[in-house]
Every structure is written in C-alpha cells, then in structure tokens.
Amino acid sequence: MRKIFEIALGIIAAIGGFVDIGDLVFNTQAGARFGYQLLWAVPVGVLGIMVFAEMSGRVAAIAKKANFELVRERYGPRLALVTLVASLVLTFLTLAAEIGGVGLAFTLLFDGPEQTFMFIGAILLGAACWKLSFGAIERIFGYGGLALLVYVAAALHFRPDWGDIGRGFVPDVQDATVYWYFAVGLVAAAFMPYEIYFYSSGAREEGWEEKDLGVNRANAIIGYGLGGLLSVGLLVTAAQVFNPAGVDPGHLGTVALGAQAAYGETGLLLALLGILFAIGGAAIDTCFSFAYNLAQYMGWQWGKKADDPRRWTMSWMAAMVGGYAVVATGIDPVELTEYAVVLSVVALPLTYLPVLLVAGDREVMGDHVNGVLARTLGWAYFGLICVLTVAAPILLFATNGGGG
C-alpha cells in the first residue's frame with residue numbers, strides 16, 4: 001500500500017503538467033479544430049517525458065542531485081545563469097496563469113466575481129503550500145485531479161469511430177501552419193520544464209534511494225501515462241462534441257461542457273472538480289519549482305524537510321504573491337499560459353541536457369547508468385527538443401497564437 005501511495009508524485013506531476021489550464025484549453029481546441037488528426041502528437045510527448053522523468057528520478061535517487069544542482073555543476077557560470085533566468089521567467093508566467101485558472105474554476109463552481117475568486121484561490125494555494133506536507137499535497141491534488149477521467153468516459157460514451165481514431169495516431173503531413181502550431185504545442189506541453197524541476201526535487205524531498213528505483217519507474221510510466229490518457233480523452237471528447245458544431249472552446253467553462261454533454265450536471269461537476277484540482281496541483285508544482293531552482297542554484301537549503309528553509313520558503317511566497325499580482329491586472333490566464341507553453345521550449349534543451357549527461361555517466365551512476373534504449377531515446381528526444389526550440393516561436397507568431 002505504501003508503494004501505491006508513493007506513485008502520487010508521478011500522478012501530481014503528470015496531471016499538473018499535462019492537464020493544467022493551458023492544456024485543458026489547448027487539447028480541447030486541437031480536437032475542436034482538427035478532430036482526431038492531432039492525436040499522434042500526444043503519445044510523442046508522453047513517451048518523451050516518461051524517458052526524461054525516469055532519468056531525472058534515477059539521478060535523484062543515485063547521484064542525490066535535483067535538476068538545478070546538475071545545471072550549477074555541469075554548466076559554466078554564464079550558461080547556468082542564463083538557464084536560471086529563463087526557467088524563472090517561464091515558471092513564473094506559468095504560475096500566474098495557474099493561479100488565474102484556479103480562480104476561474106472557483107468562479108464556474110460558485111458563480112461569483114472572477115477577481116475575487118482569484119484572490120481566494122491564491123490564499124488557499126498559499127495555505128496549502130505552507131500547512132500541508134509534501135506527501136499530502138501529492139495525494140490531495142494528484143488524486144483529486146483524477147476526476148478528469150470523466151473525459152475519458154465521455155469520449156467512450158459518444159461511441160467514436162475507432163477507425164478514425166486509429167488514423168489520428170498517424171501523422172498527417174499538412175502545410176497548414178495552424179495545424180503544425182497545435183502539433184508542436186501538444187508535444188511541447190508534455191515537456192514543460194517545471195515538470196522535471198518538480199519531479200526531481202520531489203524525489204529528493206522524499207529521500208529516494210536505490211531501493212526506490214521501482215517506484216520511480218512506476219511513477220514515470222503510470223503517472224505520465226495517465227496524463228497522456230487524460231489528454232487523449234479531452235481531445236477525443238472535443239472532436240465529438242465541439243468539432244461538428246464548429247465551436248471554438250477558448251474558455252475554461254466551454255471545456256467543461258464536453259463532460260456535461262455526456263453526463264449532464266454530474267459530468268459538469270466532476271469536470272469542474274477535476275479542473276480545480278489539476279490546475280491547483282499545477283500551481284503548486286510551478287510555485288515550488290520556482291523556489292527549488294533559485295535555491296539549488298544559490299546553494300541554499302530547500303524543501304519542507306530542510307533544517308533552515310527560510311530563503312526557499314520566502315522564494316515560493318514571493319512567487320505566489322507576484323503571480324497573483326499578474327492576474328490581478330485582468331490578463332487572460334488562458335492566453336498567458338498558452339504563450340508560456342509554446343515559449344517554454346526555449347528553456348527545454350538547457351533543462352534536459354544535464355539530466356541526459358549525468359544519467360549516461362557511468363562514474364556517477366554505476367550500474368544504473370543509461371542502457372541502450374534509454375540512451376537512444378534520450379538523445380533522439382533531445383534532438384526533437386532542439387527542433388521544437390526553433391519551430392515553436394516561429395509558429396507562435398506566424399499563426400498569431402493559433403488564431404490563423
């Protein structure tokens with residue numbers, strides 16, 4: 001039973017990474033616009049994040065290093081600083097969007113002023129970060145987000161054409177820039193850097209050792225596999241509900257209507273609860289990741305179990321307050337996080353390279369060094385990441401953020 005609960009780390013990392021506010025709308029928009037045609041992009045991203053999550057957890061357990069400890073040690077001062085700044089900016093923007101998303105979810109549940117609920121959401125998230133143990137955070141937000149499985153049930157409820165779904169998992173080469181914008185975005189969303197920041201730091205917080213490598217592997221496969229399943233459920237539901245009607249689900253409330261179309265008020269309630277916990281988990285992921293990166297780069301003590309975590313604590317508190325200040329200006333959280341998802345690819349190579357190098361270093365990892373499969377997949381995906389780094393910003397501006 002203890003091992004089962006430990007898989008919560010992978011679940012919260014996966015749900016908070018795959019299914020945050022941007023992904024909820026992004027996956028749904030992809031299904032609404034292109035039907036099943038972009039399904040292939042989901043497993044491409046899922047397999048990649050599985051590979052790197054497993055590596056980062058293995059490095060944390062064997063080498064006792066989280067991601068930004070590797071950045072500080074493996075890069076020179078200038079490159080490490082560039083990596084830090086890029087990670088902090090992108091993580092902060094994502095955090096602001098997630099805080100706004102929590103406010104939107106509360107608004108949809110209780111019908112009140114958005115700005116009021118964004119403030120309440122920020123207070124509740126700060127209280128959860130302060131009062132709850134790391135394990136409690138994992139379980140509450142990770143398992144609460146499982147209510148999003150209603151989208152998987154909804155996708156099956158409408159009895160999709162399995163032949164069309166099967167063809168959707170085969171890339172359809174098109175020259176439409178909007179199609180490729182969404183394809184790149186779906187893959188990039190799976191590789192959000194804060195997922196690895198949080199996952200590797202969480203493994204260190206949990207004190208993983210060699211005996212926990214099985215749990216790490218289960219987290220990477222089951223946790224991120226579950227995130228991919230939820231993404232497929234969202235996309236397929238949108239393809240069946242919104243695509244025939246020509247509806248563009250550009251608001252969080254529209255996303256929830258997909259579940260309502262299948263199961264009425266019960267489906268709507270489950271969808272909104274799942275959205276709330278998923279976005280809340282993503283907000284905590286990003287808030288802690290901001291503080292993890294800064295503390296690890298600076299050499300401070302960090303984490304809830306540290307003897308003197310004051311600077312780490314002040315860092316995540318400052319990030320939370322700053323994130324709320326951004327959404328308090330009235331900026332659209334959905335638009336903000338979609339830009340953050342696409343632009344996050346700028347930090348991807350610098351984030352994943354040290355994990356790949358250390359996981360393949362026999363002097364550090366010993367018998368747990370990357371095997372042939374992990375090494376091949378790791379370098380292949382690193383090459384893909386480098387391509388995304390160039391393509392994503394171009395497609396972002398060429399399509400006006402997917403607007404065509």
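I'm trying to understand the selection: among the residues of the stretch 353-376, which are in a loop (DSSP other than H, G, I, E, B) and hydrophobic (A, V, I, L, M, F, W, C)? Reasoning before the result, please.
As a first pass, look at the stretch 353-376 and keep what is in a loop (DSSP other than H, G, I, E, B): 360-361, 369-371.
Matches in the stretch 353-376: VAL369 only.
Looking only at the stretch 273-315, count how many residues are in a helix (DSSP H, G or I) and surrounded by fewer than 24 Cβ atoms within 10 Å (Cβ to Cβ).
Total satisfying the criteria: 11.
Select from the stretch 47-76 the residues that are among the hydrophobic types (A, V, I, L, M, F, W, C) and surrounded by fewer than 19 Cβ atoms within 10 Å (Cβ to Cβ) and write down the one among them that is farthest from TRP302 (Cα to Cα). Per the criteria, the residue is LEU47.
Selection of the stretch 240-268 for residues being free of Cβ contacts under 8 Å to residues at least 40 places away in the same chain, in a helix (DSSP H, G or I) and not acidic (Asp, Glu) yields LEU257, GLN260, GLY264, THR266, LEU268. Looking at ALA13, is it under 16 Å from the mean Cα position of the chain (by Cα), modelled with pLDDT under 65, assigned to a helix (DSSP H, G or I) and closer than 26 Å to LEU213 by Cβ? Taking the combined requirement at face value, the residue satisfies it. Picking from residues in the stretch 47-75 that are farther than 24 Å from LEU343 by Cβ and among the small types (Gly, Ala, Ser), the one that is farthest from the chain's Cα centre (by Cα) is ALA63.
Apart from one condition, LEU257 fits all of (1) within 19 Å of VAL102 (Cβ to Cβ); (2) at pLDDT 90 or above; (3) surrounded by 18 or more Cβ atoms within 10 Å (Cβ to Cβ); (4) not small (Gly, Ala, Ser); the exception is (1). The residues listed here are LEU125, LEU84; of these, the one that is part of a helix (DSSP H, G or I), more than 18 Å from the chain's Cα centre (by Cα) and at pLDDT 90 or above is LEU84. Figure legend. Inter-residue proximity from the stretch 88-100: first residues in contact (Cβ under 8 Å) with a residue 12 or more places away in the chain and assigned to a helix (DSSP H, G or I), second residues of a type in the set (Ser, Thr, Tyr) and surrounded by fewer than 24 Cβ atoms within 10 Å (Cβ to Cβ), beta-carbon distance below 8 Å, spacing 6+ or different chains. Indicated pairs: LEU93/TYR339; ALA96/TYR324; ILE99/TYR324.
Would you confirm, using the coordinates I've provided, whether THR337 is over 26 Å from ARG217 (Cβ atoms) and surrounded by fewer than 20 Cβ atoms within 10 Å (Cβ to Cβ)?
no
Annotation for the stretch 378-387: no member residue is surrounded by fewer than 18 Cβ atoms within 10 Å (Cβ to Cβ), of a type in the set (Phe, Trp, Tyr) and under 16 Å from TYR181 (Cβ atoms). Contact map, the stretch 303-315: first residue closer than 16 Å to GLU69 by Cα, second residue among the small types (Gly, Ala, Ser), Cβ cut-off under 7 Å, separation 6 or more or different chains; pairs are TRP312/ALA291; TRP312/ALA295; TRP312/GLY303; TRP312/ALA306.
Being within 24 Å of MET50 (Cβ to Cβ), modelled with pLDDT under 90, in contact with a Leu (Cβ under 9 Å, 6 or more places away or on another chain) and not hydrophobic (A, V, I, L, M, F, W, C) is a condition met by no residue of the stretch 153-170.
Scan the stretch 94-142 for residues that are in contact with a Gly (Cβ under 9 Å, 6 or more places away or on another chain) and farther than 18 Å from SER315 by Cβ and report the count.
The total comes to 23.
In this structure, does LEU343 turn out to be hydrophobic (A, V, I, L, M, F, W, C), farther than 30 Å from LYS131 by Cβ and modelled with pLDDT under 85? For LEU343, the condition - hydrophobic (A, V, I, L, M, F, W, C), farther than 30 Å from LYS131 by Cβ and modelled with pLDDT under 85 - is met.
Picking from residues in the stretch 316-347 that are among the charged types (D, E, K, R) and part of a helix (DSSP H, G or I), the one that is nearest to THR286 (Cα to Cα) is GLU338. Within the stretch 345-402, the set of residues being on the phi < 0 side of the Ramachandran plot, free of Cβ contacts under 8 Å to residues at least 60 places away in the same chain and of a type outside the set (A, V, I, L, M, F, W, C) comprises PRO349, GLY360, ASP361, ARG362, GLU363, ASP367, GLY371, ARG375, THR376, GLY383, THR389, PRO393.
The values are calculated or read from the model by the stated rules, or taken from the named source; none is laboratory data. Because the structure is predicted, anything quoted here is derived from the model rather than measured. Positions of Cβ are generated from backbone atoms using ideal geometry, with glycine treated the same way; all protein chains shown enter the neighbour counts.
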